[in-house]
Amino acid sequence: MENEITRESIAELEKRLRHISGAIKHNGRKILTNYPITSPQFVALQWLMEEGDLTIGELSQKNGLAFSTTTDLVDRMEKNDLVKRIKDENDRRVVRIQVLEKGQKIIKEVIHKRQDFLGEVLEIFSSEQVDMLRELLELLHKQMKITNEK
């Protein structure tokens, strides 16, 4: 590291980020109890909504799950009319997973409720603080991506 950041500061930041992530996940799981999907299905649907139609292999990579686990996950989501398998237009051997209307509706509702939770938490912050937090998190995320690609 070029600048002098102490090990203690890094440890404290890691702990805070872990606790924040845990709180968001915990709240998200509470929200999901009102929907007919599991947490892993929610994560898979989120990736599909953000990235578009993905193959099972691509979805496995995004989720960090084994190919067979992702296949089972997609099978269950397909049975619940959340997604469907479609042949790739450019290569008929490739099968992509597409989110159906029911899956889109659930993801939008859950994310909206998660955002409401975060908005409630951020009520004590000024708009300048929220902007600064957003910018710093964006910078942190960008740098993590760069570091992970090395």
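Table for the structure above
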| item | result |
| --- | --- |
| Residue match in the stretch 118-125 (condition: closer than 25 Å to I24 by Cβ and touching a residue at least 24 places away in the same chain (Cβ under 8 Å)) | yes |
| Enumeration of residues in the stretch 34-55 that are among the small types (G, A, S) and part of a loop (DSSP other than H, G, I, E, B) | G52 |
| From the options K62, K15, K84, K102, residue that is charged (D, E, K, R) and farther than 30 Å from L118 by Cα | K84 |
| Only one of K105, K84 that is surrounded by 12 or more Cβ atoms within 10 Å (Cβ to Cβ) and touching a strand residue (DSSP E or B) at 6+ places or on another chain (Cβ under 6 Å) | K84 |
| Leading residue by the ranking (surrounded by the fewest Cβ atoms within 10 Å (Cβ to Cβ)) among those in the stretch 56-76 that are in a loop (DSSP other than H, G, I, E, B) and under 17 Å from the mean Cα position of the chain (by Cα) | G64 |
| Pairs where the first residue, in the stretch 66-77, is without any contact (Cβ under 8 Å) to a residue 40 or more places away in the chain and the second is surrounded by 13 or more Cβ atoms within 10 Å (Cβ to Cβ), C-beta under 6 Å, 6+ apart | F67/S60; T70/I56; T70/L59; T70/S60; T71/I56; L73/P40; L73/A44; V74/I97 |
| Any hit, the stretch 14-27, residues being surrounded by 14 or more Cβ atoms within 10 Å (Cβ to Cβ), within 16 Å of the chain's Cα centre (by Cα) and closer than 18 Å to L100 by Cβ | no |
| Residue in the stretch 92-104 that is in a loop (DSSP other than H, G, I, E, B) and among the hydrophobic types (A, V, I, L, M, F, W, C) present | yes |
| Enumeration of residues in the stretch 133-143 that are of a type in the set (A, V, I, L, M) and more than 17 Å from I20 (Cα to Cα) | L139 |
| In the stretch 119-136, the residues that are assigned to a helix (DSSP H, G or I) and surrounded by fewer than 12 Cβ atoms within 10 Å (Cβ to Cβ) | G119, E120, E123, I124, S127, E128, Q129, D131, R134, E135, L136 |
| Test: residue in the stretch 3-22 that is in contact (Cβ under 8 Å) with a residue 12 or more places away in the chain, assigned to a helix (DSSP H, G or I) and of a type outside the set (A, V, I, L, M, F, W, C) | no |
| Residue ID - farthest from the chain's Cα centre (by Cα), chosen from residues in the stretch 77-90 that are farther than 18 Å from K105 by Cβ and not in a loop (DSSP other than H, G, I, E, B) | K87 |
| Only listed residue being at pLDDT below 95, in contact with a strand residue (DSSP E or B) (Cβ under 7 Å, 6 or more places away or on another chain) and farther than 22 Å from L13 by Cβ, chosen from T38, T55 | T55 |
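The values are calculated or read from the model by the stated rules, or taken from the named source; none is laboratory data. Computed from a prediction, not measured in an experiment: that's the story for all the values here. Here Cβ is always computed from backbone atoms with ideal geometry, including for glycine, and neighbour counts include all displayed protein chains.
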